[in-house]
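Worksheet: one structure, shown below.
The values are calculated or read from the model by the stated rules, or taken from the named source; none is laboratory data. Worth saying up front: this structure is predicted, and the values here are computed from it rather than measured. Every residue, glycine as well, gets a Cβ built from its backbone with ideal geometry; the counts of neighbours run over all protein chains shown. Remember, those area values only see protein heavy atoms, side chains included, never the ligands or the DNA or RNA. Shrake-Rupley method; radii C 1.70, N 1.55, O 1.52, S 1.80 Å.
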Amino acid sequence: MGFQTLVGAWLSDDMQSNDKEIEGLIKLANNNLVDVAAVGNEVIYRKELEENQLISYINYVKENIGNTPVGYVDAYYEFRDRPNITDACDVILANCYPFWEGCAAEYSLLYMKDMYNEAIKASNGKKVIITETGWPSKGSDLWGAHPSYTNYLKYFINAQLWSKDQGIDMYYFCLLYTSPSQRDKRQSRMPSSA
């Protein structure tokens, strides 16, 4: 079993920083350290770049890294709603979080399957990787979604078994804190259910 990397360039509304991120990604890819290149993560969701700006970055990376597949990371529905972004990508990098859409834990795997299938339908036959999913163990309820250690474990196990059974590449998001100051800094930027 080999070790593979999905390496990203963090994009924002800071164009100077974006240029550094893009050049760093290209350098890593050209040194054969990148198996999948992610150009941005939720920058459309955060409304920090326009669609045409993101597509320009994607195309620039594709032109400069050879055969490494290039994609963009965002919520699964962005690929359905923004076909020009989908068309620019070699691979679809979809975030699927049933919790953040208020889904009750007992229906969460079915809901994630629906999210994944939405990305598949939008992909035009391109590979879809679930780049983020997860369930919080603590925090506040969100509509029917309840964070708890039990729900976190059930979701983790069910998601892992399903992705293995179906041959779906999936990254499980887990936020760990090594110090109270990191937790406090993160909580000041995130809703209490993170």
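For this structure, a couple of remarks:
- Exposed-loop-free span, longest in the chain, where trypsin sites (Lys or Arg not before Pro) count as exposed if DSSP calls them loop and at most 11 other C-beta atoms lie within 10 Å: 48-137
- Distance (nanometres) between label positions extended 7 Å along Cα→Cβ at LYS164 and ASN67: 3.1 nm
- Residue among ILE44, GLY71, GLN166 farthest towards the positive dipole end of the chain, charges placed on Cβ: GLN166
- Cα-Cα separations in segment 24-92 greater than 14 Å, expressed as whole percent: 53 percent
- Cβ charges +1 (Lys, Arg) and -1 (Asp, Glu), total dipole of the chain, debye: 560 debye
- Extending 7 Å from Cα along the Cβ direction at MET15 and again at ARG80 yields two label points whose distance is 3.4 nm.
- Computed from the C-beta positions of PHE3 and TRP143 and an R0 of 35 Å, the FRET efficiency is 0.35 to the nearest 0.05.
- Taking a straight Cα-Cα cut-off under 13 Å and skipping sequence neighbours fewer than 8 places away in the same chain, the aspartates and glutamates within cross-link reach of LYS154 are GLU106.
- Put a plus charge on the Cβ of each Lys and Arg, a minus charge on the Cβ of each Asp and Glu, and nothing anywhere else: the dipole of segment 95-145 about its Cα centre is then about 280 debye.
- Cα-only radius of gyration and Dmax that characterise segment 113-170, units Å: 13.3, 38
- Working note: Debye formula, equal point scatterers on the alpha-carbon atoms of segment 74-153, no solvent; log10 I(q)/I(0) at q = 0.14, 0.21, 0.22, 0.27 Å⁻¹ is -0.47, -0.85, -0.90, -1.17.
- DSSP-defined antiparallel bridges as percent of all bridges, segment 66-178, nearest 5: 10 percent
- Considering helices alone, the calculated mean residue ellipticity of the chain at 222 nm is -13000 deg cm²/dmol, with DSSP H runs of length four and up weighted by -39500 (n - 2.57) and normalised per residue.
- Label assignment, mean projected area of the Cα convex hull in nm² derived from the structure, set [x] 11.8; [y] 29.6; [z] 13.6: [x]
- Dipole orientation for the chain: of the candidates TYR97, THR131, LEU109, LEU109 has the Cα lying most toward the positive pole (charges on Cβ; Lys, Arg +1; Asp, Glu -1).
- Axial C-alpha extent at least 18 Å, average Kyte-Doolittle at least -0.5 - helices from the chain (DSSP): 108-122
- Solvent exposure of segment 1-93 amounts to 54 Å² per residue of accessible area, where only protein heavy atoms count and the probe is 1.4 Å.
- The distance linking segment 5-19 with segment 119-153 is 24 Å (Cα centroid to Cα centroid, whole angstrom).
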